[in-house]
1. Where a ≥ b ≥ c are the square roots of the eigenvalues of the C-alpha gyration tensor, would you call segment 65-194 rounded, which needs a/c under 1.5, or, failing that, prolate if a/b is larger than b/c, or oblate?
2. With a ≥ b ≥ c the root eigenvalues of the C-alpha gyration tensor of segment 281-468, is it rounded (a/c under 1.5), prolate (a/b larger than b/c) or oblate?
3. Roughly what would the spin-label model give for Ile465 and Val293, points 7 Å off Cα along C-beta, in nm?
4. For a Förster distance of 56 Å, can you work out the FRET efficiency between the beta-carbons of Ser72 and Gln187, rounded to the nearest 0.05?
5. Taking 41 Å as R0, compute the FRET efficiency from the Cβ-Cβ separation of Glu24 and Asp331 and round it to 0.05.
6. If R₀ is 22 angstrom, what is the calculated FRET efficiency for the pair Phe88 and Lys36, using the beta carbon separation as r and rounding to 0.05?
7. Place the peptides 121-130, 143-152 in order of packing, highest mean first, counting for every residue the other Cβ atoms within 10 Å and averaging per peptide.
8. Output the Kirkwood hydrodynamic radius of segment 166-207, Cα pairs only, in Å rounded to one decimal.
Amino acid sequence: MARPRRNDFLIPTLGVLFDSIAIECAFLLAYWIRFKTSFFTFLPLNESTPPLDAYVFGSFVVIPVWLLIFNSRKMYGARRNVALSDEFFTVLKLVTLAMLVVMSMAFFYRAFSYSRIVFGLLWGFSITLIFLGRVVLYRIEKALYRSGRELRNAVIIGSNDTANRIYESLHNHPMLGYRFIGYFADQENTDDLPLAQAAYLGTLKEAPSKLSHEHVELALIAVNNDDHPKLYNIIQECEGKNIEFMMVPDILEIMASPDKVGMKEIEGIPFIKIKGVPMTTWGRIMKRAFDIVISSLLLVISSPIFVLIAALIKLGSKGPVLFRQERIGIDGKQFEMVKFRSMKTGSEHFDEEAGLGISNDPRQTRVGRILRKASLDELPQLINVFKGQMSLVGPRPERPYFVEQFSRLVPKYLDRHRVKTGMTGWAQVNGLRGNSSLEERIKYDIYYIENWSLWFDIKILLKTIRALF
């Protein structure tokens, strides 16, 4: 079944575009008013009018810095559902913070002296123009939702009073960005309850298979305590599927501590995020662009090492230079992973008997033992990364046989396949390699998936380089 189109690209992209244009316009407007109008003639210039080019080039540095600051405060998410009054104060705070960064950069840049008047005007114009852009974006987003576009498919799991309250509050509000396609419950609701207006999709036991079939992206959970074992089974059977689960809390203390448990509010109803989507469309684009740039550079830089290792392998034993093996990647899809051959030809047929990551494997060649010790046998996986089959950072890919075994034995094992597998990972840089505890490795992999960021990838790569040396 084809993967449905992710509806979290258009609005964030427009947000980045509008903010970039607003910041550039604020720069140009501040420069024009300061140096090309008579508003500030009472403040004489110490020198001739500075060139416009200096401010334009400065804006090209400032814009990405500001966008990163805005992104760090989650300003580019789809379905943020923020009131415009709240958005204004958020823009005010972030622009003020960003201006402090700009002024710090200007202080240390001695090649050109920027006008403090321009900085003051830039602060005011940026707040105004960015907020106006946000107003336009808000109107565009709501117009798209009103026309039925960019909506996320959502369901309710449960049929108790809370489930009815969720449906009553949300089903008539497509402007929130959700399309409610029905509910799951062990019994269909009666005609006098709000949920009876929604489509009955099946029992809790049937939910896992139908969630994928209906391309559900968000499941709002409101079940009784007696149904928690069934809820656990639903989440367990949805391992490896990018479905966001959010649950209405029934404990007052939890509701009072939203920062500790990952709370989200929709139309005044608080939800606990049980399982989130690991990365947005923009996150995947950034990660892929990073992979392409770094892998291509490393392939060029390491090409002499490739030639040397290939020659040593050929001289050391009979067989091909590269070893190819089927591995399981994102969404459970198989791909052919390549490595430098470090074992005698045909040794892979005894993988199941040998097990995982055994030290001093007698099947290794002399050259292969050195390659493995220095992790140089993994270098050809840069080709997999460049082709998009793997990422530089992610859970390590495993063979189909072991995936089938571990998926039955280790909880959340299949959740590793919600992102691309990687050459290195959070588990590996923390010493969990070879015959280490599989359960511990899974915990580290899941932590990486749930907390992914590009900075996290860079941190792992730096720790990998340090470990290699």
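1. On the way: a/c = 4.02, a/b = 3.25, b/c = 1.24.
The shape class here is prolate.
2. Values: a/c = 1.74, a/b = 1.20, b/c = 1.44.
Note, shape of segment 281-468 comes out oblate.
3. Taking the two extended label points, one gets 1.4 nm.
4. Values: r = 46 Å, r/R0 = 0.82.
E(calc), rounded to 0.05, equals 0.75.
5. Details: r = 39 Å, r/R0 = 0.96.
The formula returns an efficiency of 0.55 here.
6. On the way: r = 29 Å, r/R0 = 1.32.
Given R0 = 22 Å and the Cβ-Cβ separation, E is 0.15.
7. Values: 121-130: 21.3, 143-152: 14.4.
Going by the mean number of other Cβ atoms within 10 Å, highest first, we get 121-130, 143-152.
8. Details: mean 1/r = 0.0911 Å⁻¹.
Computed over Cα pairs of segment 166-207, the Kirkwood hydrodynamic radius comes out at 11.0 Å.
Laboratory data are not the source of any read-out in this text; all were calculated from the coordinates shown. Keep in mind it's a predicted model, so treat the numbers as computed, not measured. Here Cβ is always computed from backbone atoms with ideal geometry, including for glycine, and neighbour counts include all displayed protein chains.
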